[in-house]
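These notes concern the structure reproduced below.
Only the coordinates and a few stated rules stand behind these numbers; no lab work does. Just so it is clear, the model here is predicted, and its values are computed rather than measured. Note: ideal-geometry Cβ built from the backbone for every residue, glycine included; neighbour counts use all protein chains shown.
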Amino acid sequence: MIDECDLTSAIGKVVYSTGKDSGRVIRDCLIRDRKRYGVYDHGQGTIERCVISGNAIAGVAISEGGNPDLQDCEILVGKDAGVYDHGQGTMGKCAILGDTKSGVQMIKGGDPMVRDCVIRVGKEADVIVLEQGLRTIERCVISGTALASVEIRMGEDTLVRDWVIWDGKQAGVYVHYQGQGTIEKCEIHGNAYAGLPISTAGNPVVREYQDPRQEGCCRLRPRARTRHDRKVRDPRGT
């Protein structure tokens, strides 16, 4: 176990984990100011109640085969993505704040479980799912994103459930370029553009979509092919 430490490094990664038996526990640590990644995980293990900040690339990078458990962490002020996931793992009750690019990227088979997180102030989409990124993202809060809060493209079987997405500078959830998956029981309101635009052969299932302020409702563009378990109506008649 690594407990209550201030971890930094001038080169490489601050924390590097590899191998299926690498079950280390890192708890209550400050992981900061790396020239590349704060945590680079190719193995397993647990990271709890840590603050990960000021890293030049991603705060946490999970590579293929990585399967860590991140709980109650703060990932702050990175120069790239907060969490870059090419593997698996679980992330719960984390705050991902102020990253230069996206909060969470899941690409090329990334298959994590993201639950009960707060994600805000990304300069790109706060959550990006692309190139067959999979899995479940639920009970999260996103606000104040510069681009779409959630962007799904070239992805399958993604489940976005029980989210509150508000006050974005563009769309709430943007599904395009063969993006699929399910968007369920989400409250999407107060965004500058449509709450749920779907284009370029995007094809999600939408269930129990809520827009309490009746702003930015689902607006389907001409090439969209959408299958809805129930109809989502734009109250403005568009």
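Based on the Cβ-Cβ distance of residue 108 and residue 167, what FRET efficiency does E = 1/(1 + (r/R0)^6) give at R0 = 25 Å, to the nearest 0.05?
Numbers: r = 31 Å, r/R0 = 1.23.
For R0 = 25 Å, the calculated efficiency reads 0.25.
Using a 10 Å cut-off around each Cβ, can you sort 63, 149, 102 from fewest to most neighbouring Cβ atoms?
On the way: 63 17, 149 31, 102 26.
Listing 63, 149, 102 from fewest to most nearby Cβ atoms yields 63, 102, 149.
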Handout entry: Phi-based couplings in Hz for region 147-154 (Karplus 6.51, -1.76, 1.60; Gly and Pro marked x)
Key = 10, 4, 5, 10, 10, 10, 8, 6
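Quick check on the exposure proxy: order 37, 193 from fewest to most C-beta atoms within 10 angstrom. Each step should come with its number before you reach the end.
Values: 37 26, 193 16.
Fewest-to-most Cβ neighbours within 10 Å comes out as 193, 37.
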Handout entry: For residue 26, residues with placed amide H under 5 Å, excluding near neighbours
Key = 2, 46, 47, 48
Practice task
Can you give me the P(r) profile for region 25-79? Cα pairs, bins 10 angstrom wide beginning at 0, each as a whole percent.
Solution key: 29, 56, 16
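Given the pairs 93/169; 108/169; 101/169, which span a C-alpha to C-alpha distance of over 23 angstrom in this model? Intermediate results must be reported in sequence, preceding the final value.
Values: 93/169 25 Å; 108/169 27 Å; 101/169 15 Å.
Too far apart for the 23 Å limit: 93/169; 108/169.
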